[in-house]
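The values are calculated or read from the model by the stated rules, or taken from the named source; none is laboratory data. Nothing here was measured: the structure is a model prediction, and the numbers come from that model. Methodologically, a virtual Cβ is constructed for each residue, glycine included, from the backbone with ideal geometry; neighbour enumeration extends over all protein chains shown. Keep in mind that these areas ignore ligands, DNA and RNA; they rest on the heavy atoms of the full protein, side chains included. Shrake-Rupley method; radii C 1.70, N 1.55, O 1.52, S 1.80 Å.
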Amino acid sequence: LILASAMVCYLTYVWTVGFKAAETKSWKPLLKRWKLWRHMQQYFDAKLHKTADLDPKKNYIFAMVPHGIAACSGWINFCTEATGFSDTFPGIDVRCLTLDANFRAPVIREYCLLHGLRSAGRKSMKSILNSGPGSAVMLIPGGAAESLLTAPGTMDLLLTRRKGFVKIALETGASLVPVVAFGENDLFDTHIPSKGSKSEAVMLLLKRWFSFATPLFWGTGVTGGFGLLPRNRPLNTVVGAPIEVPRYDPTQYPNHQQQQPHSAPSASAPSVSVPSVSGPSLSAGSAATLDANLAALIDEYHAKFVAAVQKLYDEHKDKYAVGRVRDLRFVK
């Protein structure tokens, strides 16, 4: 009875006021330097490659592609110190973002918090990015839906319509940092169902119910053969140069006006000149209305980010994606 009462109290706390821990930096990521993760780094021969320095006086949104099946590159590089993130980017305090459900599950909640994971919600992102110089978040814009496109030798991205992280960058003045994880899609073999098939319908239904889904996949077993462990393929994660983003202030635009919910670039949208300011998955098609100037800026900086991802991929594909089946593709 005592144990049951304690569990009820614990679950009540986790599902109510305890969730605030997932929206702030209150918990220290004490497990990021756990020696176990060094073995994971050696298994994959995982490496983090820097192409530009990051100013610790600014804030950043690291946006990584692709998601893959298990986002191993995101975990090992940003949720642990196995590849030396803090030494590579001194002064940058990064928090990885994940589903809210992980912070409502006993034990998993504490495990995530102690590795620096936080809620992927809008409130959490803004709280972290506004918590002081050097604060940063890492997210994967393609999310669970992108895992359904995972196949070895490919890099198909669901980035075309994913603009919520750009809106957060404009609201906080955080710079966007493109990250390309070469090798992530090579860790598992997958079966991708054909368009319109019953298998595809089942996967999409599971995604709708549980907020995530994966294709049928298989890797290696503990002693070899087939299993559910990822294969020990090299993981090379390349961090690009930051894209400076201004903090949006609608009062700086004399013709500030409202428009209908934003879903795509409008031909009638005005050309917006970005004022010089200090300092530099929310959906862009949400029900909240956007003013025309902000909508134009979202499109502008989203286009810059997409171009930066393409450039980063093209510059490193012949070194880190030698056995590719095809080049990067942006799909809808």
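Which residue out of SER135, SER119, SER86 is within 28 Å of LYS332 (Cβ to Cβ) and among the small types (Gly, Ala, Ser)?
The unique qualifying residue is SER119.
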Residue list for segment 139-154, filter: open to solvent by less than 10 Å² (accessible area, probe 1.4 Å) and outside any helix (DSSP H, G or I)
PRO141, GLY142, THR150
In the list LYS195, LYS207, which residue meets the criterion of being over 18 Å from the mean Cα position of the chain (by Cα) and among the basic types (Lys, Arg)?
LYS195
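A quick yes/no check of all residues on (1) in contact with a Phe, Trp or Tyr (Cβ under 7 Å, 6 or more places away or on another chain); (2) surrounded by fewer than 19 Cβ atoms within 10 Å (Cβ to Cβ); (3) not β-branched (Val, Ile, Thr):
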residue	(1), (2), (3)
LYS35	no, yes, yes
THR51	no, yes, no
VAL65	no, no, no
ALA71	no, no, yes
ALA82	yes, no, yes
ASN102	no, yes, yes
Filter segment 1-22 for residues that are out of contact with any Pro (no Cβ under 8 Å at 6 or more places or on another chain), open to solvent by less than 60 Å² (accessible area, probe 1.4 Å) and either closer than 14 Å to ARG109 by Cα or part of a loop (DSSP other than H, G, I, E, B) (or both) and give the result.
GLY18, PHE19, ALA21, ALA22
Would you say ASP186 is at pLDDT 95 or above and open to solvent by 30 Å² or more (accessible area, probe 1.4 Å)?
yes
Of the residues in segment 273-314, those that are surrounded by 14 or more Cβ atoms within 10 Å (Cβ to Cβ) and at pLDDT 90 or above number 18
Please go through segment 164-220 and give me each residue that is in a helix (DSSP H, G or I), within 24 Å of ALA63 (Cβ to Cβ) and among the hydroxyl-bearing types (Ser, Thr, Tyr), ordered by number.
THR172
Top-ranked residue of segment 191-244 - restricted to ones that are among the β-branched types (Val, Ile, Thr) and open to solvent by less than 70 Å² (accessible area, probe 1.4 Å), ranked as nearest to ASP53 (Cα to Cα)
VAL239
Only one of LEU117, LEU113, LEU159, LEU149 is under 23 Å from THR24 (Cβ atoms) and in contact with a strand residue (DSSP E or B) (Cβ under 6 Å, 6 or more places away or on another chain), namely LEU117
One residue is enough: does segment 59-67 have a residue meeting the conditions more than 19 Å from the chain's Cα centre (by Cα) and farther than 21 Å from PHE182 by Cα?
no
Would you check if ALA169 is surrounded by 13 or more Cβ atoms within 10 Å (Cβ to Cβ) and modelled with pLDDT of 80 or more?
yes
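Taking the condition of being within 17 Å of LYS20 (Cβ to Cβ) and either open to solvent by 30 Å² or more (accessible area, probe 1.4 Å) or of a type outside the set (A, V, I, L, M, F, W, C) (or both), how many residues in segment 121-134 meet it?
Residues in segment 121-134 being within 17 Å of LYS20 (Cβ to Cβ) and either open to solvent by 30 Å² or more (accessible area, probe 1.4 Å) or of a type outside the set (A, V, I, L, M, F, W, C) (or both): 8 in total.
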Note on ARG161: of the conditions (1) in contact with a helix residue (DSSP H, G or I) (Cβ under 6 Å, 6 or more places away or on another chain); (2) under 22 Å from LEU297 (Cβ atoms); (3) at pLDDT below 95, unmet is (1)
